[in-house]
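Every number in this text was worked out from the coordinates using simple rules, so none of it is lab data. If you're wondering where the values come from, they're calculated on a predicted model, not measured in any experiment. We place every Cβ from the backbone using ideal geometry, glycine too, and count neighbours over all the protein chains shown.
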Amino acid sequence: MSSSVAGTTENRSSIRLLCWAVGTVVLACLLASLIESSWGRVKVQGIKVPTQDGQWVVADLFKPATATKQTPAPLVVVVPGFQRSKEALENIAVELSRRGIVAVAIDPYAQGASSSSVSSRAATTEGYGMFAIVDYAARTGNLNYVDKSRIGATGHSAGGNAAVLGAAHFGKEAIKTGKPSALDAVFVSGYLLSFTDKVLRDVRSNVGMSYARYDEGAYRNELKNGDMRHAPEAIRLVDSGRGPDAAPVAEVELGRYYGDATRRTLRVVYNERVLHPFQPYSVEAIAHQIEFFERVFGTTSGLSSRDQVWYWRELLGLISLVAALVALVPLARILLRTPVFQPLAHPLPPPQPPPDRRARLVGLGLSALGALVACATYIPMTELSQRLFVAASSRVPTWFFPQRMNNPVLLWAVLNGLAGFLLVYLGYRLYGKRLGVRLEMWGVRVGAAELVRICALALVLFTSYYGLLFAVYYVLHVDYRFLFMGARVFQPEFIVLLGMYAPFFLVFFLSNAVRVNGAMRVADHAEWKSMLTAGIANSAGLLLIVAVQYVTFAVTGTVRWTEGWLYVNLLFAVVPMMFVLPYFNRYFFRLTGRPYLGAITTCLVFVMILLTNTVCYLPL
């Protein structure tokens, strides 16, 4: 077959794959949108509410068709936890709205598209913005389809803290005015620290509480565990609704409703056997919330609390996330056949010669060393980041690296990127040079003009990836998301942040591309084995941290890293990225014969995913 015919066939194949990937994204997002809207029975729309001090809260409003001026419905404000956006907890909003309850899922202050707060304790003093939403819903005449006497709030982790503190905040207001609290009911998931006598004495709302039996943060509880039957926090909650003359509860009966909903003294405690980050995605835990709100609001939908559909939305989000990433490869192949970018397509250099026994042992040792360095340096980098990035670590709005949770990841990436380059060099010196490895096999030689063209192509791919996402979000109001991991739309300010963070992360991404396509590309080694090995090697260090954390937890009942447990939880989203990264680096290397396009493209896309999925303390 001639080169022109082969090129035409390859181009057609690329176009078909690109169309398939984009079509999959659109179809998956369309189905996810239909699930969110309960197949048209719930109207979902984005809203932006101005709040105090020039701040604002962005939210998604889920309005059932049955909620009208003639038949007003209850409303529940859904508050995600720390480093989460509204999409991460919209499963609750989906299930409540299916049952005729209006739901408002908010982006907490400094998360998602909501503004930062002038308060460094926004969850405590403003409920992450929930106080303002409840205040608006309770007092405005615009929401004439909402029953003002049946407003609730729910949240997980720090969002749960916001919910119970909201009950106390509006309870104080009720005590002063002699009127019922604006919050009829709150459900607190994954948080106990605010269940103190000082807070509970002002609560004038029905309260449900759900705590994971295997919550990693349980070391902070008074009994240092997650068992709620004898937890003083749970006992205080139940007693707070029983009145001064009632005998104190010695042991909480899990799932039992104490008190009276009409008097707003209803209390219930649940204790699901899950981990903290997975509690919001437990069918059992969501069923408990549904049962609680239907009971306190006196509503009946005819649906079982276990009749849930949110997980189909999550599965479709995963499909769209994967398909959108896959689309980058055929798009790059098509663009590389255009006159502008065709000079970037070089012949694939020869792979490294097969290693002998000594070289294999040295290679395994270096890979193990890389994993140990990755594991050993992560937690120290979280501690160092608090000294280097003081403002962000103190929740103070700043333009100097304002992402508290990603700052340690950045430091870790720079350190391990440099370590990766060192390991590649050591492998070359210890066995590669002896086996005849040449620099040309890695395809690292590049001129300045070619590098500029590579950057231009990477920017086109990045823009195409997020352009499709913005188009889908504009039409269907869904992004690419699976549980707490996903690609979401962003504000213009994040382009500035990308220019700030990406150059540092690029050290790691480039190091990985050179390592995967140089030291780990060996003759007579099947491609799938090569990429699988690279994926395991790339993620092993961080995965080891997770393993140590949870093996220690299983054996002792307390996690290995207590103060840094939230940083370890962050790895649930980072490890999958680290595993798939070598695959994309290899695919792009096949197209160009150079490691740079893959490194720069994946850096831009993956870093923007990181930036848009965590707290960001930007000035107002």
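List of remarks:
- Using C-alpha pairs under 8 Å with a sequence gap of at least 6, the mean separation divided by the residue count of the chain gives a relative contact order of 16 percent.
- Farthest towards the positive end of the charge dipole of the range 281-338, among the residues I319, T299, S282, is the Cα of I319, using unit charges on the Cβ of Lys, Arg, Asp and Glu.
- Over the range 37-308, the reciprocal of the mean inverse Cα-Cα separation, the Kirkwood hydrodynamic radius, stands at 18.2 Å.
- If R0 is 30 Å, the Cβ-Cβ spacing of D260 and T300 corresponds to a FRET efficiency of close to 0.95.
- Helices that extend 30 Å or more along their long axis by alpha-carbon positions and average at least 0.0 on the Kyte-Doolittle scale are, among the DSSP H runs of the chain, 3-36, 357-388, 406-427, 448-476, 493-514, 527-556, 565-592.
- For G129, neighbours were defined as the other residues whose beta-carbon sits under 12 Å from its Cβ, and their charges (Lys and Arg +1, Asp and Glu -1) total -2.
- Reducing the range 103-164 and the range 544-614 to their Cα centroids gives an inter-centroid distance of 31 Å.
- Histogrammed with a bin width of 10 Å, the alpha carbon distances of the range 1-139 distribute as 12, 32, 24, 14, 9, 7, 3, 0 percent, first bin at zero.
- For the range 393-429 versus the range 306-322, the inter-centroid distance based on Cα atoms is 33 Å.
- Cα-based Lys pair tally, the chain, threshold under 16 Å, eight or more apart or on separate chains: 9
- Close amide H contacts of A153 (hydrogens built in the peptide plane, cut-off under 5 Å, sequence separation of 5 or more or a different chain): V77, A185, V186, F187.
- All C-alpha pair distances within the range 95-243, sorted into 5 Å bins from zero, spread as 2, 9, 18, 22, 20, 16, 9, 3, 1, 0 percent across the bins.
- Projected label distance in nm at A523 and Y425, using a 7 Å step from Cα toward the beta-carbon: 2.8 nm
- Sorting C19, C29 by the number of Cβ atoms found within 10 Å of their own Cβ, with the fewest placed first, yields C19, C29.
- The ratio of the alpha-carbon radius of gyration of the range 266-379 to the globular-protein estimate 2.2 N^0.38 Å is 1.98.
- Structural descriptor for the range 350-611: relative contact order 29 percent, calculated from alpha carbon pairs under 8 angstrom and at least 6 residues apart.
- The amide H of M485, built 1.01 Å from its N in the peptide plane, has no neighbour under 5 Å, considering only residues 5 or more places off or on other chains.
- Ellipticity estimate at 222 nm from DSSP helix runs (n ≥ 4, -39,500 (n - 2.57)) divided over the chain, nearest 500: -17000 deg cm²/dmol
- Here the range 350-611 is described by how far its Cα atoms reach on the three principal axes: 54, 50, 33 Å, from widest to narrowest.
- Dimensions (Å) - the chain, Cα atoms, principal axes, largest first: 86, 50, 43
- Taking other Cβ atoms within 10 Å as a rough exposure proxy, Y311, Y257, Y583, Y596 sort from fewest to most as Y311, Y257, Y583, Y596.
- Count Lys and Arg as plus one, Asp and Glu as minus one, and take only other residues whose Cβ is under 10 Å from that of N206; the net charge is then +3.
- 3J(HN,Hα) couplings calculated from phi for the range 209-223 with the Karplus curve 6.51 cos²θ - 1.76 cosθ + 1.60 (θ = phi - 60°) are, in sequence order, 9, 9, 9, 5, 4, 10, 5, 5, x, 5, 4, 7, 6, 5, 9 Hz; Gly and Pro show x.
- Exposure proxy ranking for W561, W528, based on other Cβ atoms within 10 angstrom of each Cβ and starting from the fewest, stands as W528, W561.
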